[in-house]
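Take a look at the structure set out below.
The values are calculated or read from the model by the stated rules, or taken from the named source; none is laboratory data. Here the structure is a predicted model, which means the values were calculated and not measured. Here Cβ is always computed from backbone atoms with ideal geometry, including for glycine, and neighbour counts include all displayed protein chains.
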Amino acid sequence: MAGIRTFDTNAAAYDIWFDENQTIYLAELEAVKDFIPSTGTGVEIGVGSARFAAPLGIRIGIEPSPKMAELAKERGVYVIEGVAEALPIADGTFDFALMVTVVCFFDNIASAFQEANRILKPQGVLIVGFIDRDSELGRQYSRRKKQSRFYKEATFYPVSELETQLTLAGFTNFIYRQTLFPGQSEVQILKKGHGKGSFTVLRAIKSRNGNRNQIQT
């Protein structure tokens, strides 16, 4: 996973960002919450400091950064060390899985989606929250990522590419929510669909087992 050392070194600074940017954080949290199933057992892949898992009631997380994992544990989340491309989880374990602002750091996004498919039960739900590369914020991050402490090694994706990779990995029935709209600074609203908000949340259903021979990178 790109930038593990960076997150280890700057774990505290990363976590403080959520306190200093409450409006953005709460908008993203609300957008993700809209898709979290009311029943079943879930896992957050790339749980970080558990700023999403803890308030959403997700008690298990996967995290490669030891320092970030320590913060997640302090928030009551059981953390398993591992990367998205090789999850240390048995097949068909979870009813749903969550990924928030982590797809841009995966070394191999196709393998990560394949692994998410593998650990989900039949008809399991995958929720992916991300910065849309084609949005205003996504374009800003892409232009300035070399100057960013956290995003200098990131790869941002447009909605269309994520949907293609998820389809290859065995997911279908895509539904979207979006927030962080241009011109809004105080109150952030949540809308259906994608294409206008910078933060997009995608919900997909496992329809079949992914075919590793079809995976594209």
Kindly indicate whether ALA12 is closer than 15 Å to PHE150 by Cα and either at pLDDT below 95 or surrounded by fewer than 20 Cβ atoms within 10 Å (Cβ to Cβ) (or both).
-> yes
Residue hits (region 1-31; in contact with a helix residue (DSSP H, G or I) (Cβ under 7 Å, 6 or more places away or on another chain), assigned to a helix (DSSP H, G or I) and of a type outside the set (Ser, Thr, Tyr)) are PHE7, ASP8, ALA11, ASP15, PHE18, LEU29
Which numbered condition LEU137 misses (of (1) assigned to a loop (DSSP other than H, G, I, E, B); (2) surrounded by fewer than 20 Cβ atoms within 10 Å (Cβ to Cβ)) | (1)
Going by the structure shown, is ARG118 over 27 Å from GLU20 (Cα atoms) and out of contact with any strand residue (DSSP E or B) (no Cβ under 7 Å at 6 or more places or on another chain)?
-> yes
Are any of the residues in region 59-68 surrounded by fewer than 24 Cβ atoms within 10 Å (Cβ to Cβ) and either within 27 Å of PHE181 (Cβ to Cβ) or of a type in the set (Ser, Thr, Tyr) (or both)?
-> no
Yes/no for GLY129 being touching a strand residue (DSSP E or B) at 6+ places or on another chain (Cβ under 7 Å), among the small types (Gly, Ala, Ser), at pLDDT 95 or above and closer than 11 Å to ASN209 by Cα | no
Can you find even one residue in region 67-87 that is among the acidic types (Asp, Glu), modelled with pLDDT of 95 or more and in contact with a Gly (Cβ under 7 Å, 6 or more places away or on another chain)?
-> no
List every residue pair whose Cβ atoms lie under 9 Å apart, where the two residues are 6 or more positions apart in sequence or sit on different chains, the first residue falls within region 111-132 and is under 19 Å from HIS194 (Cα atoms) and without any contact (Cβ under 8 Å) to a residue 40 or more places away in the chain, and the second residue, located anywhere, is in a strand (DSSP E or B) and of a type in the set (Gly, Ala, Ser).
-> none
Checked region 160-211 for anything in contact with a His (Cβ under 8 Å, 6 or more places away or on another chain) and at positive phi; matches are none
In the set VAL43, VAL125, VAL79, which member is part of a strand (DSSP E or B), aliphatic (A, V, I, L, M) and over 28 Å from ALA13 (Cβ atoms)?
-> VAL125
Selection from region 100-122 of residues that are out of contact with any Ser or Thr (no Cβ under 9 Å at 6 or more places or on another chain), buried (at least 22 other Cβ atoms within 10 Å of the Cβ) and either outside any helix (DSSP H, G or I) or of a type in the set (Ser, Thr, Tyr) (or both) = VAL100, VAL102
Quick one: would you say PHE52 is under 29 Å from PRO122 (Cα atoms) and buried (at least 23 other Cβ atoms within 10 Å of the Cβ)?
-> yes
Does region 60-83 hold any residues that are hydrophobic (A, V, I, L, M, F, W, C) and either in contact with a Ser or Thr (Cβ under 8 Å, 6 or more places away or on another chain) or without any contact (Cβ under 8 Å) to a residue 24 or more places away in the chain (or both), and which are they?
-> ILE60, MET68, ALA69, LEU71, ALA72, ILE80
